[in-house]
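Down below is the structure, laid out as structure tokens.
The values are calculated or read from the model by the stated rules, or taken from the named source; none is laboratory data. As the structure is a computational prediction, the values presented were derived from the model and not from experiment. When we count neighbours, we look across all protein chains shown, and the Cβ atoms used for this are built from the backbone with ideal geometry, even at glycine. Heads up: the accessible areas ignore ligands, DNA and RNA and are worked out on the full protein's heavy atoms, side chains in. Shrake-Rupley method; radii C 1.70, N 1.55, O 1.52, S 1.80 Å.
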Amino acid sequence: MDPDFWHQRWREGRTGFHQERPTPLLLGHWPELALTPGSRVFVPLAGKSLDLAWLAAQGHRVLGVELSPLAVAQFFAEHGLTPQVHDSRCGRHYLAGDIELICGDVFALDAGALADCAAVYDRAALIALPPPLRRRYVHELHALLPAGCRGLLVTLEYPQHEKQGPPFSVPEAEVRELYGRDWEVATLERRDILAQQPGFAAEGVSALETVAYRLSRKA
């Protein structure tokens with residue numbers, strides 16, 4: 001799970017995790033966060049997700065972080081955007097309109113970079129990480145987000161022994177254990193999506209659910 005793994009996936013076009021439409025659970029549950037217009041939303045391990053553009057269209061300022069420069073370049077090209085570019089301690093920043101992508105290591109962020117984030121949206125980060133990195137991701141990175149921050153987390157659950165991740169299965173008990181120290185966690189919806197994911201079925205996965213959680217950062 002070193003950076004070369006992800007760079008190679010993007011170079012070879014092995015990006016089955018990329019969706020050709022915004023995430024349904026995002027569309028269905030994002031309004032429940034009740035954010036004010038102009039709120040800044042943090043999207044870790046953003047790839048070139050269409051969710052970024054959807055969030056910006058809702059009136060948010062979007063801050064995504066992505067390791068692959070190919071993913072960043074493809075996002076702006078596919079949306080017909082020409083970003084302004086500058087470097088900082090966190091990586092190389094690409095900014096166009098209300099969308100900013102930092103090309104770099106998400107673990108290089110500090111509290112200053114996330115200080116004005118009112119929300120966090122995670123559809124592809126937690127499930128991309130093996131267990132030791134999941135704990136670091138939540139306890140170190142999410143700890144930088146300010147009190148009162150709200151979040152929408154989308155995970156996958158399947159029999160882990162039936163498939164090698166990523167994406168990994170992250171059961172609800174683990175979500176609550178990881179986030180419970182610093183966040184209030186509410187389960188919003190659970191969907192059976194095996195029929196819509198033939199790649200999983202082809203690998204012998206017998207059950208597949210996606211789960212949405214609302215997160216609220218404790219004071």
Quiz item: Mind checking which residues of the range 163-180 are open to solvent by less than 40 Å² (accessible area, probe 1.4 Å) and touching a Lys or Arg at 6+ places or on another chain (Cβ under 9 Å)?
Solution: Phe168, Ser169, Val170, Leu178
Quiz prompt | Considering residues of the range 171-209 that are among the polar types (S, T, N, Q) and touching a helix residue (DSSP H, G or I) at 6+ places or on another chain (Cβ under 9 Å) only, the residue farthest from Val120 (Cα to Cα) | solution = Ser206
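Residue by residue, here is whether (1) over 21 Å from Thr36 (Cβ atoms); (2) open to solvent by less than 50 Å² (accessible area, probe 1.4 Å); (3) of a type in the set (Val, Ile, Thr) holds:
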{"position": "Ala115", "(1), (2), (3)": "no, no, no"}
{"position": "Ile127", "(1), (2), (3)": "yes, yes, yes"}
{"position": "Pro131", "(1), (2), (3)": "yes, no, no"}
{"position": "Glu140", "(1), (2), (3)": "yes, no, no"}
{"position": "Arg150", "(1), (2), (3)": "no, no, no"}
{"position": "Gln160", "(1), (2), (3)": "yes, no, no"}
Quiz item: How many residues does the range 78-104 hold that are open to solvent by 70 Å² or more (accessible area, probe 1.4 Å), closer than 19 Å to Ala115 by Cβ, over 19 Å from the mean Cα position of the chain (by Cα) and not basic (Lys, Arg)?
Solution: 1
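Answer yes or no as to whether His86 is closer than 22 Å to Ala212 by Cβ and either touching a Lys or Arg at 6+ places or on another chain (Cβ under 9 Å) or not hydroxyl-bearing (Ser, Thr, Tyr) (or both). Please lay out each step first, then the result.
Values: closer than 22 Å to Ala212 by Cβ: no; either touching a Lys or Arg at 6+ places or on another chain (Cβ under 9 Å) or not hydroxyl-bearing (Ser, Thr, Tyr) (or both): yes.
Answer is no for this residue.
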Practice problem: Give just the number: which of (1) over 19 Å from the mean Cα position of the chain (by Cα); (2) within 23 Å of Ala147 (Cα to Cα) does Leu178 not satisfy? | Solution: (1)
Quiz item: Considering the range 49-59 alone, what residues qualify as being open to solvent by 10 Å² or more (accessible area, probe 1.4 Å) and either over 17 Å from Ile127 (Cβ atoms) or free of Cβ contacts under 8 Å to residues at least 12 places away in the same chain (or both)?
Solution: Leu50, Ala53, Trp54, Ala56, Ala57, Gln58, Gly59
Quiz item: Quick one: Tyr94 ticks every box in (1) aromatic (Phe, Trp, Tyr); (2) in contact (Cβ under 8 Å) with a residue 60 or more places away in the chain; (3) in a strand (DSSP E or B) bar one, so which box is it?
Solution: (2)
Quiz item: Restricted to the range 181-219, and to residues that are of a type in the set (S, T, N, Q), over 16 Å from the mean Cα position of the chain (by Cα) and over 19 Å from Gly148 (Cα atoms), which residue is surrounded by the most Cβ atoms within 10 Å (Cβ to Cβ)?
Solution: Gln197
